[in-house]
Amino acid sequence: MIQINTGVKVLDKQERKKYIAEKTLELISEKGLTNLTMEDVALSCNLSKGSIYNYFKNKNSLIVSAFSALLEKVQNFFEDKESNPTQDCAEESADFYANLYSEILNTFPSKELMRLFEILMNSTHEPSMMQILTQTFKENYGKILSRFEKLFNSKTKAFMLQAMFDGLVIYRAVGVEFSDNEIRDNLKKMILSLTDENKN
């Protein structure tokens, strides 16, 4: 039998899983985690509800994949922007990371970044799911934190900087306004300050 090429790409199973996870992430961002249903996911993907279970055994495994998709987006953003900043020059590194974090704040909707925390917090009552999510979170955030750990020569300082940025995400999500220029300038000062401590 001759197959006619319609020009429509047929997704393999892994691509389809990723597509469903990304659509789920969009729905979580729009509706919130507690309002997410498998019916919503199926509808947004033009699939039957039953066919979703060919890719994900339950709603929890789908949420884990959506969580991974969001972390991957942040990680890819870092890697795409990072063109090997001069680690020997603290000023250039501080400039680079201050601009990068400012860009993340403006590129990723705060509501979307907040879903990282919502998914984690809503999973605390399910130890097995929490374990998977925590491991995924550590692996992806670990890649970002390792950059600062090298820069500061300190894991604690790396965590402090990331925690401060996560706080900014939360404040922006609840409607607190702040100047992008101030964010960049103060981030740069903090990075330089943490770097200078290593020289003393």
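Among the candidates F137, F148, F159, F117, which residue alone is part of a helix (DSSP H, G or I), modelled with pLDDT of 85 or more and aromatic (F, W, Y)? Result of the check over F137, F148, F159, F117: F159. Pairs meeting the criteria (first residue in segment 151-163 and within 19 Å of C89 (Cβ to Cβ), second residue polar (S, T, N, Q), beta carbons under 8 Å, at least 6 apart or on different chains) are L151/Q87; L151/S93; L151/T195; F152/T195; F152/N198; N153/N198; S154/N198; A158/S146.
Yes or no: S29 modelled with pLDDT under 85 and assigned to a helix (DSSP H, G or I)? Answer is yes for this residue. Flag set for K23, criterion: within 26 Å of N122 (Cβ to Cβ), touching a Ser or Thr at 6+ places or on another chain (Cβ under 6 Å) and outside any loop (DSSP other than H, G, I, E, B). Within segment 162-200, the residues that satisfy the criterion of being charged (D, E, K, R) and either outside any helix (DSSP H, G or I) or more than 17 Å from F117 (Cβ to Cβ) (or both) are E177, D180, E182, R184, D185, K188, K189, D196, E197, K199. Here S179 meets each of (1) over 18 Å from R147 (Cβ atoms); (2) surrounded by 14 or more Cβ atoms within 10 Å (Cβ to Cβ) with one exception, condition (2). Just a yes or no: is a residue in segment 124-135 surrounded by 13 or more Cβ atoms within 10 Å (Cβ to Cβ), on the phi < 0 side of the Ramachandran plot and among the small types (G, A, S)? No - not one qualifying residue is present in segment 124-135.
The values are calculated or read from the model by the stated rules, or taken from the named source; none is laboratory data. Since this is a predicted model, take the numbers as computed values, not measurements. Cβ: placed from backbone, ideal geometry, glycine included. Neighbour counts: every protein chain shown.
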